[in-house]
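Have a look at the structure below before the remarks.
The values are calculated or read from the model by the stated rules, or taken from the named source; none is laboratory data. In this text, all values refer to a predicted model and were calculated from it rather than measured experimentally. All Cβ positions, even for glycine, are placed from backbone atoms using ideal geometry, and neighbour counts span all protein chains on display.
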């Protein structure tokens with residue numbers, strides 16, 4: 001699949017914003033559709049071009065800024081070196097951002113990334129070397145079907161949960177809670193019309209990739225609302241998670257094992 005091939009496909013799927021610029025009639029319910037970057041047939045060149053566009057978007061939206069305070073608190077509380085795994089890390093933008101924050105803080109925090117896409121992992125490794133972060137490790141892992149590693153203190157995902165059905169999301173949260181030594185963090189989008197407007201404008205301003213132009217707004221339509229994530233977390237056994245709201249239309253969920261569980 002080439003980037004040019006995506007354009008007519010996008011117009012067929014979402015003519016209301018690609019052609020007429022109209023908002024969805026309602027954001028009451030999730031609209032979960034396959035995103036173009038998740039297509040196994042997507043060519044490597046188009047995939048890398050989309051990852052480059054996401055790099056700009058991730059820098060401005062500041063996912064590492066949202067996640068770092070929670071990681072820092074765990075590192076300070078435990079008072080020992082900790083290991084952190086970025087699940088579905090994609091091109092590794094957030095992984096690198098957090099690694100740089102760990103370096104500047106002098107806290108003993110080791111961060112690795114995992115993703116199913118070898119194209120994304122190759123890109124992540126190249127970008128990390130360019131940034132002088134040769135120590136970063138990226139591993140190929142099917143996080144929905146494979147077992148999650150159990151030697152990390154924090155398991156987190158950033159902008160991944162909205163790709164999943166409710167059953168998949170609940171199972172994913174449950175697997176993280178069972179595998180982590182201390183905490184689970186989820187950084188993701190909030191479904192709202194304002195978020196949809198911001199995603200549409202931002203993706204067009206910051207990237208020329210038609211893949212990003214479709215996937216960004218579509219992600220908002222597929223995103224969960226806070227009450228939906230709370231319900232899924234409770235069902236998965238993550239009781240009393242903490243939620244904080246962040247710009248732009250993001251949330252951070254924090255959950256930690258109880259002291260009785262050995263946290």
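Being buried (at least 20 other Cβ atoms within 10 Å of the Cβ), over 18 Å from the mean Cα position of the chain (by Cα) and either touching a residue at least 40 places away in the same chain (Cβ under 8 Å) or farther than 19 Å from residue 60 by Cα (or both) is a description that does not apply to residue 157.
Out of 146, 132, one residue alone is under 21 Å from residue 56 (Cα atoms), surrounded by fewer than 21 Cβ atoms within 10 Å (Cβ to Cβ) and without any contact (Cβ under 8 Å) to a residue 12 or more places away in the chain. It is 132. Looking at residue 182, is it over 18 Å from residue 228 (Cα atoms), surrounded by 24 or more Cβ atoms within 10 Å (Cβ to Cβ), touching a residue at least 24 places away in the same chain (Cβ under 8 Å) and in contact with a helix residue (DSSP H, G or I) (Cβ under 8 Å, 6 or more places away or on another chain)? Taking the combined requirement at face value, the residue does not satisfy it. Considering (1) within 27 Å of residue 46 (Cβ to Cβ); (2) surrounded by 22 or more Cβ atoms within 10 Å (Cβ to Cβ), the lone condition that residue 253 does not fulfil carries the number (1).
For segment 55-159, the helices (runs of 4 or more DSSP H) that sit wholly inside it and include 1 or more residues that are more than 16 Å from residue 254 (Cβ to Cβ), out of contact with any helix residue (DSSP H, G or I) (no Cβ under 9 Å at 6 or more places or on another chain) and modelled with pLDDT of 95 or more are 93-105, 118-130. Restricted to segment 23-44, and to residues that are outside any loop (DSSP other than H, G, I, E, B) and touching a helix residue (DSSP H, G or I) at 6+ places or on another chain (Cβ under 6 Å), which residue is surrounded by the most Cβ atoms within 10 Å (Cβ to Cβ)? Looking at residues that are outside any loop (DSSP other than H, G, I, E, B) and touching a helix residue (DSSP H, G or I) at 6+ places or on another chain (Cβ under 6 Å), I get 36. Please verify whether segment 230-253 includes one or more residues that are modelled with pLDDT of 95 or more, farther than 25 Å from residue 76 by Cα, in a loop (DSSP other than H, G, I, E, B) and over 15 Å from the mean Cα position of the chain (by Cα). Yes, there is a match, as at least one residue in segment 230-253 is modelled with pLDDT of 95 or more, farther than 25 Å from residue 76 by Cα, in a loop (DSSP other than H, G, I, E, B) and over 15 Å from the mean Cα position of the chain (by Cα).
In segment 18-32, the residues that are on the phi > 0 side of the Ramachandran plot reach residues that are modelled with pLDDT of 55 or more and not in a loop (DSSP other than H, G, I, E, B) with C-beta atoms within less than 9 angstrom, at least six apart or across chains, in these pairs: 21/200. When the test is whether a residue is in a loop (DSSP other than H, G, I, E, B) and modelled with pLDDT under 95, residue 208 passes it.
Quick one: in segment 189-205, of everything that is touching a strand residue (DSSP E or B) at 6+ places or on another chain (Cβ under 9 Å) and surrounded by fewer than 23 Cβ atoms within 10 Å (Cβ to Cβ), which residue is modelled with the lowest pLDDT? In this case the residue turns out to be 195.
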